[in-house]
Amino acid sequence: MTTEVQVSAADPQAAYLEELVRHGLLIPMGVPGLYGRSGLFEEVVERFDAAISRHGREDGAEVMRFPPAVNRRDFETSEYLKSFPHLAGTVHSFDGSERDHHTLLRRLEEGEDWTAMQKATDVVMTPAACYPIYPTIAKRGTLPAEGALVDVFSYCFRHEPSLDPARMQLFRMREYVRVGTPEQVMSFRESWLQRGRALMESLGVPLEIDLANDPFFGRAGKMLSANQRDQGLKFELLIPITSTEKPTACLSFNYHQEHFGHLWDIRTPDGELAHTACVGFGMERVALALFKHHGFDPREWPAPVRALLWGRD
Ligand code: ATP
Ligand code: ZN
């Protein structure tokens, strides 16, 4: 017991979380990974968001914004439950009788489990910002020759409670999503690997780009992860935040091949299944990296970094 407490006190992730809270940047809400953000924290997120837009502007992506939830049927189609059942969050609600209501209140009062009185709704928390895009594009029918390019930004939910401030349960992801032929999709990912690196280098943070894999669930998941690595389907841009040995993934570059094209039957004009790729920016992680490397007061950040974030759009 004692050792556990000592270990956590010396834990650099918990220590950084404490510092962020002390500086008022994150506001604890009593659940690990669930925080309010201060105005300053939000300003950094907004300025970084604008910097991403400037880097992607010339591509003319179609902007779509969704609430942080998806249609349960689309969520089921996405096969998220095959790969990440442990991360999913569903929205439940009470729809019983008056008698059931009394039971619910009694259970609440007696400290029993009242949540069993609720039923799943048609709403599921968004696990990654790009999820609402695939069914939306599929509904339009066959892709035009130039394919599709979408700009999306959403809070995402993942049930991974942690004391690491870089691992939240509700966090924001800005993404560009490309749907088209394998060539279109690969060249999109190539260009964002370069742009992502250039953007983050200009923010003066140490970084490296490396092959990565998703945390697929279970024994079958280990094989999926190995496959993903062998085929070079996922790259991450890593920045040390609370550890130099284990830097944190702040941007992800994912190539899904025809996975989503197949699930939603998205076709290119020649009748082939569409391929998809996305680049995802972890907005909180980037803000945390900036505060870590440049300090808690952005007025004292290096001039080029300030110019990039607070310069004119
Ligand atoms: P990790 O391996 O660290 O769990 P991931 O590979 O699951 O991350 P992606 O699914 O690629 O992450 O998500 C895209 C981006 O969203 C990541 O690069 C990261 O910046 C951010 N992100 C992912 N999970 C979290 C989280 N729990 N809290 C904050 N940001 C996150
Ligand atoms: Zn995505």
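Any read-out appearing in this document is the output of simple, stated calculations on the displayed coordinates, not a laboratory observation. Everything numeric here is computed off the predicted structure, so don't read it as measured data. When we count neighbours, we look across all protein chains shown, and the Cβ atoms used for this are built from the backbone with ideal geometry, even at glycine.
Can you list which of the GluC sites (Glu not before Pro) found in the stretch 146-185 are DSSP loop residues with at most 12 other C-beta atoms within 10 Å?
Hits after loop and neighbour filter: Glu146.
Which longest run of the chain has no exposed loop site in it, a site being trypsin sites (Lys or Arg not before Pro) in a DSSP loop with at most 10 other beta carbons within 10 Å, and the site itself not part of the run?
141-311
What is the sum of charges around Phe41, taking Lys and Arg as +1, Asp and Glu as -1, for the other residues whose C-beta is under 15 Å from the C-beta of Phe41?
Net of charged neighbours comes to 0.
Relative contact order (percent) for the chain, with alpha-carbon contacts under 8 angstrom and 6 or more residues of separation?
Contact order relative to length: 20 percent.
Between the DSSP loop rule and a limit of at most 15 other Cβ atoms within 10 Å, which GluC sites (Glu not before Pro) in the stretch 74-131 are left?
Glu79, Glu110, Glu112
Using the Cα atoms of the stretch 252-313 to build a convex hull, what is its mean projected area in square nanometres?
With the hull built on Cα positions only, its mean projection is 6.8 nm².
Which of Met125, Met283, Met64 has the fewest other C-beta atoms within 10 Å, and how do the rest follow up to the most?
Ordered from fewest to most neighbouring Cβ atoms within 10 Å, Met125, Met283, Met64 come out as Met64, Met125, Met283.
What are the ³J(HN,Hα) couplings of the stretch 161-176, residue after residue, when phi is run through the Karplus curve with 6.51, -1.76, 1.60 and θ = phi - 60°? Round to Hz, x for glycine and proline.
Result, ordered by residue: x, 7, 8, 6, x, 7, 10, 9, 8, 10, 8, 9, 10, 9, 9, 10 Hz.
From the phi angles alone, apply the Karplus equation (6.51, -1.76, 1.60; θ = phi - 60°) to the stretch 11-18 and give each ³J(HN,Hα) in whole Hz, x where the residue is Gly or Pro.
Values, residue by residue: 6, x, 5, 5, 5, 5, 4, 4 Hz.
Quick check for you: which residues of the stretch 65-97 have the amide N under 16 Å from the point 7 Å beyond the Cα of Phe217 toward its beta carbon?
Inside the label zone: 75-91.
What is the gain in length, in nm to one decimal, between Leu224 and Arg107 on full extension, counting 0.36 nm per residue of separation less the C-alpha to C-alpha distance?
Stretched fully, the Leu224-Arg107 segment lengthens by 37.9 nm.
Under a plain spin-label model, where a point goes 7 Å from the Cα along Cα-to-Cβ, how far apart in nm are Thr90 and Ala116?
1.7 nm
Let me see the P(r) profile for the chain: every Cα-Cα distance counted, bins of 10 Å, each bin given as a percent of all pairs.
5, 23, 32, 24, 12, 4, 0
Pulled fully out, how much extra length does the chain show between Leu163 and Glu18, if you take 0.36 nm times their separation in residues and subtract their Cα-Cα distance?
Full-extension gain reported as 51.2 nm.
Name the residues whose placed amide hydrogens come within less than 5 Å of the amide hydrogen of Arg37, ignoring near sequence neighbours (fewer than 5 apart) on the same chain.
Amide H to amide H, under 5 Å and 5 or more residues apart or across chains, Arg37 pairs with Ile27.
What list of whole percents do you get for P(r) of the stretch 9-64, with Cα-Cα distances grouped in 10 Å bins up to the one holding the largest distance?
Computed distribution, short to long bins: 20, 35, 24, 18, 3.
Can you run phi through the Karplus equation (6.51, -1.76, 1.60; θ = phi - 60°) for the stretch 256-269 and list ³J(HN,Hα) in whole Hz, with x for Gly and Pro?
Per-residue couplings from phi come out as 9, 6, 9, 3, 6, x, 6, 4, 10, 6, 8, 10, 7, x Hz.
DSSP loop (so not H, G, I, E, B), at most 12 other Cβ within 10 Å: list which GluC sites (Glu not before Pro) in the stretch 203-263 pass both filters.
Qualifying residues, ordered by number: Glu245.
Can you sort Asp164, Asp214 by how many other beta carbons sit within 10 Å, fewest first?
Fewest-to-most ranking of Asp164, Asp214: Asp214, Asp164.
With +1 on each Lys and Arg Cβ and -1 on each Asp and Glu Cβ, how big is the dipole of the stretch 63-151 about its Cα centre, in debye rounded to the nearest 20?
Charge dipole, the stretch 63-151, about its Cα centre: 320 debye, nearest 20.
Sort Ile52, Ile209 by Cβ crowding within 10 Å, fewest neighbours at the top.
Ile209, Ile52
For the stretch 129-147 and the stretch 227-269, what is the separation of their Cα centres, given in Å?
19 Å
Modelling each spin label as a point 7 Å along the Cα-to-Cβ direction, I'd like the Leu81/Phe66 distance in nm, to one decimal.
Label at Leu81, label at Phe66, 1.8 nm between them.
How much mean residue ellipticity at 222 nm does the chain get from its helices, if each DSSP H run of length 4 or more adds -39500 (n - 2.57) and you divide by all residues, to the nearest 500 deg cm²/dmol?
My calculation for the chain gives -12000 deg cm²/dmol from helical runs alone.
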